[in-house]
1. Accessible area per residue, 1.4 Å probe, Å², for the chain: what's the number?
2. GNM on the chain, C-alpha springs below 10 Å: top fluctuator among Lys58, Lys49, Lys146?
3. Work out, step by step, the length gained on full extension between Glu145 and Lys89: first 0.36 nm times the residue separation, then minus their alpha carbon distance; give nm to one decimal.
4. At a Förster distance of 25 Å, what's the computed FRET efficiency of Lys13 paired with Lys35, Cβ-Cβ distance as r, to 0.05?
5. Considering only protein heavy atoms and a probe of 1.4 Å, how much of the accessible area of the stretch 1-60 is carbon and sulfur, as a whole percent?
6. Select from Leu94, His157, Thr25 the residue farthest towards the positive end of the dipole of the chain; place +1 on Cβ of Lys and Arg, -1 on Cβ of Asp and Glu, and compute about the Cα centre.
7. Could you work out the relative contact order of the chain? I mean the mean sequence separation of Cα pairs under 8 Å and 6+ apart, divided by the number of residues, in percent.
8. Could you sort out which of Lys30/Lys146; Lys13/Lys89; Lys35/Lys111; Lys35/Lys146; Lys36/Lys146; Lys13/Lys57 sit more than 32 Å apart by Cα distance in this structure?
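The values are calculated or read from the model by the stated rules, or taken from the named source; none is laboratory data. Small disclaimer: the values here were computed from a predicted structure and weren't measured. Here the Cβ positions follow ideal geometry from the backbone for every residue, glycine too, while neighbour counts run over all protein chains shown. Quick note on the areas: whole protein, heavy atoms, side chains included, nothing else; ligands and nucleic acids left out. Shrake-Rupley method; radii C 1.70, N 1.55, O 1.52, S 1.80 Å.
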Amino acid sequence: LAQPDFAVALSRKLYDRGISVYIDTCGHVKPEALKKIIPYTDKFLYDIKAIDAMVHKKCTGKDNRLILDNLKLLCDEGCKIEIRYPLVKGYNDLECENIAKFLSGLQGITKVKVLQYHSFSASRYEALGMLNTLPNTQTTLQDVEKSVSILRNYGLHAVNGMRED
């Protein structure tokens, strides 16, 4: 959606030909871009990293107001949305209950995937001679399962993103 005119044109062509269109987004886009693409989208794959603005800024360097507002916009428009919650121990793991409370009040959320943080790309930073800015932490399967359980307690269809239960 960084190039909304192209994304809308492509989505329209695919959608008109009966090809499913899923839009993968972190939601940090102009609301107008979302409104234009909604008619040609079957489902949105939407990242939520935190509800607390300070936690989100610590994790991403950006404010999350636009992201949360855009998620509400998609829900109000009747869209189907699959949430991905990248769980990073020591960064946003304490946000799970806030995320659950926020999402449980929205319509159209079909699933919440809890994704286990990994640092697989760390070697790429080294190979490219770049500074590795990834968190130095380890998220366990138990951390993921705990978050899945919290989300389910709020009536959400939560799954371990590595297992797709």
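1. So the chain comes to 59 Å² accessible per residue, rounded to a whole number.
2. Lys58
3. 18.9 nm
4. Once the sixth-power term is evaluated, E becomes 0.85.
5. Answer for the stretch 1-60: carbon and sulfur cover 54 percent of the accessible area.
6. Thr25
7. Relative contact order of the chain: 19 percent.
8. Lys30/Lys146; Lys13/Lys89; Lys35/Lys146; Lys36/Lys146; Lys13/Lys57
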